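Every number in this text was worked out from the coordinates using simple rules, so none of it is lab data. In this text the structure is predicted, and so the values were computed from the model without any measurement. Heads up, the Cβs are rebuilt from the backbone with ideal geometry, glycines too, and the neighbour counts pull from every protein chain shown.
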Amino acid sequence: MIHPEVRETAKKIRDLEIQGAEDVAEHGLRALAKAAESLDEEDFIKQFNKNTEKIVGARPTEPALRNGVNFVFRSIKSASDSEDAAKAVKKAVKNYIESLEEATEKIVEIGSKRIKDGQTIFTHCHSNTVTSVLKSAFKEKDFSVICTETRPRYQGRITAKELLDAGIEVTMIVDNAARSFINDADLVMTGADAVTSDGYVVNKIGTSMIGLAAKEARTSFCVACQTFKFDPVTLMGEYEPIEQRDSDEVWEGAPHNLKILNPAFDFTPPEYVNFMITDEGIITPYDTDRIIREKYR
Ligand code: RUB
């Protein structure tokens, strides 16, 4: 049985009411902890599995959530009964979320030092990690932000509102104007949903085009991201899945014979990324392989 909390959270995640990899992981795991409290004693593992599949399936390109789910599963291995297992789930979820939040705090501390007075920072989509870095930096420094609108779901508007509310000057551009404004920026900062063992950064569709423009314009490009988003399965040869979303997001009522493709994310190659701001400090995408081996094996 799928627990109502899991069903509802999975829907909110799929509909982007809950968005950004960190929030997806936190809400998804909290729903699983809630579900664990009332699962059938006899069939606990089977039912818990079904509930995790529902949450993880809501957005397949989210290793921070998947790594969290694996962490939770490891914690229930030695549970003697369903009550014990539910307690273990709750504790593991709490520990994982705390670690994720601590990682974000470290990134905020390190990342805000990278921003200087008078700079213009360019960002894409809405990353809680990036906006947290920017809001923290703004307490001591004065700078402005260019943000894309981020078609088709306009998450750039979330970024714009959040930064404006913090008092930061924000200019919004359409995604296609990225090349025209990249020279006005001192630094591009994006978040990430996943990072593969060979250093490819998976983030909102359009990130790789901005990375390419930044490389050509010699504008520094960085990614603010928790190492919890590094995907261990990519070390074992698996491809990072890219979520394909509904064509209605691109054109509702489009001609029926028109094929519309709507991938949610793309891969930015490591050579476009100057540095990454992580809970392990400033690294390059080429460090991903080492960190995955240390953290997940
Ligand atoms: C959001 C997006 C964000 C990452 C990181 O895409 O690409 O940059 O998820 O976010 P969507 P955070 O709106 O489709 O979820 O730093 O908050 O984890």
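Quick notes on this structure:
- Enclosed volume per residue, in Å³, of the convex hull spanned by Cα atoms of the stretch 142-297: 130 Å³
- Here the chain is assigned +1 on the Cβ of each Lys and Arg and -1 on the Cβ of each Asp and Glu. Its dipole about the Cα centre then comes out at about 220 debye.
- Among beta bridges that DSSP assigns inside the chain, antiparallel share in %, nearest 5: 35 percent
- Residue order for GLU162, GLU17, fewest other beta carbons within 10 angstrom first, comes to GLU17, GLU162.
- Charge context of MET172, other residues only, Cβ under 14 angstrom, K/R +1, D/E -1: -2
- Simple Cβ-charge dipole of the stretch 54-168, Lys/Arg +1 and Asp/Glu -1, about Cα centre, in debye nearest 20: 320 debye
- For the chain, modelled as a GNM whose springs connect Cα atoms under 10 angstrom apart, the maximal fluctuation among HIS256, HIS126, HIS27 occurs at HIS256.
- Each of LEU164, LEU39, LEU235 was scored by other Cβ atoms within 10 Å of its Cβ. Arranged with the fewest first, they read LEU164, LEU235, LEU39.
- Angle in degrees between helix 44-58 and the longest Cα principal axis of the chain, rounded to the nearest 10: 20 degrees
- Look at CYS125, CYS222 and count the other Cβ atoms within 10 Å of each Cβ; fewest to most, that gives CYS222, CYS125.
- Across all directions, the average flat footprint of the convex hull enclosing the Cα atoms of the chain is 16.3 nm².
- Treating each Cα of the stretch 152-218 as one equal point scatterer and applying the Debye formula with no solvent, the log10 of I(q)/I(0) at q = 0.15, 0.23, 0.29 Å⁻¹ comes out as -0.57, -1.19, -1.38.
- Rounded to the nearest whole angstrom, the semi-axes of the ellipsoid equivalent to the stretch 4-105, taken from the Cα gyration tensor as √(5λ), stand at 21, 16, 10, largest first.
- Note on TYR239 and ASN95: the extension gain reaches 49.0 nm, defined as 0.36 nm multiplied by sequence separation minus the Cα-Cα distance.
- Label separation (GLU249 vs ARG179): 2.5 nm, computed from points 7 Å beyond Cα along the C-beta direction.
- The label point for ARG14 and the one for SER144, both projected 7 Å from the Cα toward the Cβ, are 4.2 nm apart.
- Cα convex hull of the stretch 39-152, projected area averaged across orientations, nm²: 9.0 nm²
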